[in-house]
Amino acid sequence: MASKLKARIVKKKPGKWTNKHENFSIQISGLYDIWNPSVSANRQLEAYNATTKSLQNLIGTVSKKGERIRALGSAWSISRAAATDGRLINTKPLNRLFRVSDPSISDSYTGDSKNLYFVQCGVSIGELNRYLRLQGKSLKTSGASNGQTIAGALSTGTHGSAIDTGSVQDFVKGLHLITGPNRHVWLERASDPVTTPGFADRLEAEVIRDDNTFNAALVSFGSFGIIHGVLIETEDIYLLEASRIKLPFNDDLKQVIHTLDFSRIPLPEPENRPYHFEVVINPHAADDQAFSTVMYKRQYQENNAERRRASGGFQPGDDFLGVIGTLLDIAPSAIPTAVNQLLASQYREYSGRTGTLGDIFSATGIRGKATGAAMGVPLEKTLQALDAILKVHNRSKNFPGVIALRYVKKSDALLAFTRYPPTCIIDLDAVDNQTARNFFRGVWREFEMQNIPYTLHWGKANELTSENLQNMYADDLDIWLNIRRSLLDEENRFTFSSPFTDQCGLSE
Ligand SMILES: Cc1cc2nc3c(=O)[nH]c(=O)nc-3n(C[C@H](O)[C@H](O)[C@H](O)COP(=O)(O)OP(=O)(O)OC[C@H]3O[C@@H](n4cnc5c(N)ncnc54)[C@H](O)[C@@H]3O)c2cc1C
């Protein structure tokens, strides 16, 4: 018998929509809040499936009006990836999660089935961290903060600096994707099967096991439809022991940042490769110093976990995006002093701070209007890219921000901007003003003039076009477009396009 359950949907009026960081506003024709039907524990699956149907009905209704629709996570993206001129669906209330039971796991799955969790799209990284901790499990990595939803984070390729681990999308093993009013699919890699056919049957979804399709949908920023559920692979809970040291920005450190050969600098454990490595460079510093944050993995012990965060100053996992906006409205001539003061007062050395991944990379209070651009470059090009950035900086010396280098393993996702093995991500976190935007543009032009290969974070400041995307992703871009065409018919391709995908040449 067909279920009578329906998701609760509340429509907000048309109006101006602004992203969380207030980088831009856009006129939209509506925003829907959606909640799962409220049911007893033994009817969770029925409720989830009812929400799938309600989402499909909503897509159908909007599409019939000739309008576009887009799933919204936490609206943390600085770019217009989450924006639309049509309607938004606020997925944040969709936050069920459970462990996948053994009968649903394929015999071909080579990992430990106890690490697999099914997570509804709106669950935040913070919620996941708290839930998994109680299960004795942990995410393999996350960004520096925890406010993103799982679907929003993976859709733009959110990363930290776990040098041998990868980004959020890289621990995803299955996707439940709603591609239109009449189709929803369960996607897995053919080369990495995880669930039995019975699992997709329970979601009432069509199964597609194909590596390219899965790798295309992973980083697709809402353009493949609505990701309703995500199968993630976790691991046993662990601790991270973090230290931050100030180092001269000399030849030894320069050698490290483009080789990751750590033997040249005095890290706390010279014999061990760290889990996390990050370098922050203040372009305004007079003393040619840099800060290196390094973290080692440790076995979990409850006593050693730092549950409460110390107050004030930058915490071990903090990024600059959260606080740099406090420098807003400072006169250009005062920028160097202001950035130096911010670092001197808040960015301190420490050693041996220990916590779980969730303790270390926890909530960032967003203060002021900040922006950030993140360029992915091949490891061996890091130094050249950094020199190019400093060259642009030296023209005016008024970049209202700092430079941070983070590193991650190459992703299999076709449009992951972490596409180099490994990728150095150069974050330019800054006050959101015209000077910063001009600076980003100057850096991208300089990279192009010097033929430095680079990509740009989908969720951060960018001016992507079909031309520069072709340079960045080459054949993978065409494969991605072809897979989108094969999964979504013309009408649904329009429905899940946006001004951002139009600008990128990704709507067709
Ligand atoms: C303070 C701050 C710190 C940050 N730190 C980092 C960091 O350390 N590392 C890093 O890589 N990035 C970082 N970012 C960028 C951020 O992680 C990404 O922009 C991320 O995508 C935001 O997730 P969200 O849930 O807010 O998604 P949104 O911004 O709401 O959406 C992002 C994209 O995902 C799509 N989407 C959302 N939900 C769904 C769904 N259910 N189905 C299909 N598509 C969906 C949207 O359409 C959109 O295209 C930071 C941003 C901020 C503001």
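The values are calculated or read from the model by the stated rules, or taken from the named source; none is laboratory data. Model, not experiment: these values are computed from the prediction. Please note: Cβ atoms are built from the backbone with ideal geometry, for glycine as well, and neighbour counts cover all protein chains shown.
Scan region 369-387 and report the pairs whose first residue is outside the structural domain of Glu22 (by TED's automatic domain parsing) and whose second residue is of a type in the set (Phe, Trp, Tyr) and modelled with pLDDT under 95, with Cβ atoms within less than 9 Å and a gap of 6+ or a chain change.
Ala370/Phe320; Gly372/Phe320
Out of the residues in region 19-68 meeting the condition of being among the β-branched types (Val, Ile, Thr) and free of Cβ contacts under 8 Å to residues at least 40 places away in the same chain, tell me which one is surrounded by the most Cβ atoms within 10 Å (Cβ to Cβ). Full working, then the answer.
Filtering region 19-68 for residues among the β-branched types (Val, Ile, Thr) gives 26, 28, 34, 39, 51-52, 59, 61-62.
Imposing the further condition that a residue be free of Cβ contacts under 8 Å to residues at least 40 places away in the same chain reduces the set to 39, 61.
Working: Val39: 15, Thr61: 13.
The extreme case among them is Val39.
Going by the structure shown, is Thr354 in contact (Cβ under 8 Å) with a residue 60 or more places away in the chain, closer than 25 Å to Ala285 by Cα and β-branched (Val, Ile, Thr)?
no
Please go through region 296-345 and give me each residue that is under 21 Å from Phe361 (Cβ atoms), modelled with pLDDT of 70 or more and either touching a helix residue (DSSP H, G or I) at 6+ places or on another chain (Cβ under 6 Å) or among the acidic types (Asp, Glu) (or both), ordered by number.
Glu302 - this is the single residue of region 296-345 that is under 21 Å from Phe361 (Cβ atoms), modelled with pLDDT of 70 or more and either touching a helix residue (DSSP H, G or I) at 6+ places or on another chain (Cβ under 6 Å) or among the acidic types (Asp, Glu) (or both).
In region 147-166, how many are more than 7 Å from the ligand (Cβ to nearest atom), among the polar types (S, T, N, Q) and either without any contact (Cβ under 8 Å) to a residue 60 or more places away in the chain or surrounded by 24 or more Cβ atoms within 10 Å (Cβ to Cβ) (or both)?
The number of residues fulfilling the criteria is 1.
Just to check your reading of the model, which residue among Lys16, Lys11 is among the charged types (D, E, K, R) and touching a Leu at 6+ places or on another chain (Cβ under 8 Å)?
The match here is Lys11.
For region 442-475, what are the residues that are part of a loop (DSSP other than H, G, I, E, B) and either β-branched (Val, Ile, Thr) or surrounded by 18 or more Cβ atoms within 10 Å (Cβ to Cβ) (or both)?
Those that are part of a loop (DSSP other than H, G, I, E, B) and either β-branched (Val, Ile, Thr) or surrounded by 18 or more Cβ atoms within 10 Å (Cβ to Cβ) (or both): Ile452, Tyr454, His457, Trp458, Gly459, Lys460, Ala461, Asn462, Leu464, Thr465.
What do you reckon, is Val194 in contact with a helix residue (DSSP H, G or I) (Cβ under 6 Å, 6 or more places away or on another chain) and more than 15 Å from the ligand (Cβ to nearest atom)? Please lay out each step first, then the result.
Numbers: in contact with a helix residue (DSSP H, G or I) (Cβ under 6 Å, 6 or more places away or on another chain): no; more than 15 Å from the ligand (Cβ to nearest atom): yes.
So Val194 does not fit the description; no.
Specify the residue that is farthest from Ile403 (Cα to Cα); the eligible residues are those in region 274-302 that are hydrophobic (A, V, I, L, M, F, W, C) and in contact (Cβ under 8 Å) with a residue 60 or more places away in the chain.
In the first step, residues of region 274-302 are kept if they are hydrophobic (A, V, I, L, M, F, W, C); the result is 277, 279-281, 285-286, 290-291, 294-295.
Applying the additional criterion that residues be in contact (Cβ under 8 Å) with a residue 60 or more places away in the chain yields 277, 279-281, 295.
On the way: Phe277: 14, Val279: 8, Val280: 6, Ile281: 5, Met295: 19 Å.
Per the criteria, the residue is Met295.
Would region 466-481 turn up any residue that is away from the ligand (no atom under 16 Å from the Cβ), among the aromatic types (Phe, Trp, Tyr) and free of Cβ contacts under 8 Å to residues at least 60 places away in the same chain?
Yes, region 466-481 contains a residue that is away from the ligand (no atom under 16 Å from the Cβ), among the aromatic types (Phe, Trp, Tyr) and free of Cβ contacts under 8 Å to residues at least 60 places away in the same chain.
Among the candidates Arg445, Arg437, Arg484, Arg441, single out the residue that is closer than 24 Å to Ala75 by Cβ and assigned by TED's automatic domain parsing to the domain that holds Ile389.
Arg437
Here is a yes/no grid of residues against (1) in contact (Cβ under 8 Å) with a residue 60 or more places away in the chain; (2) assigned to a loop (DSSP other than H, G, I, E, B); (3) over 28 Å from Lys460 (Cα atoms):
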site: Ala71; (1), (2), (3): yes, no, no
site: Thr84; (1), (2), (3): yes, yes, no
site: Pro93; (1), (2), (3): yes, yes, no
site: Phe98; (1), (2), (3): no, no, yes
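Which numbered condition in (1) within 12 Å of the ligand (Cβ to nearest atom); (2) in contact with a strand residue (DSSP E or B) (Cβ under 6 Å, 6 or more places away or on another chain); (3) closer than 22 Å to Asp211 by Cβ is the only one that Asn115 fails?
(1)
Between Asp164, Asp112, Asp85, which is out of contact with any Lys or Arg (no Cβ under 8 Å at 6 or more places or on another chain) and either of a type in the set (Asp, Glu) or under 22 Å from Gly355 (Cβ atoms) (or both)?
Answer to the selection: Asp112.
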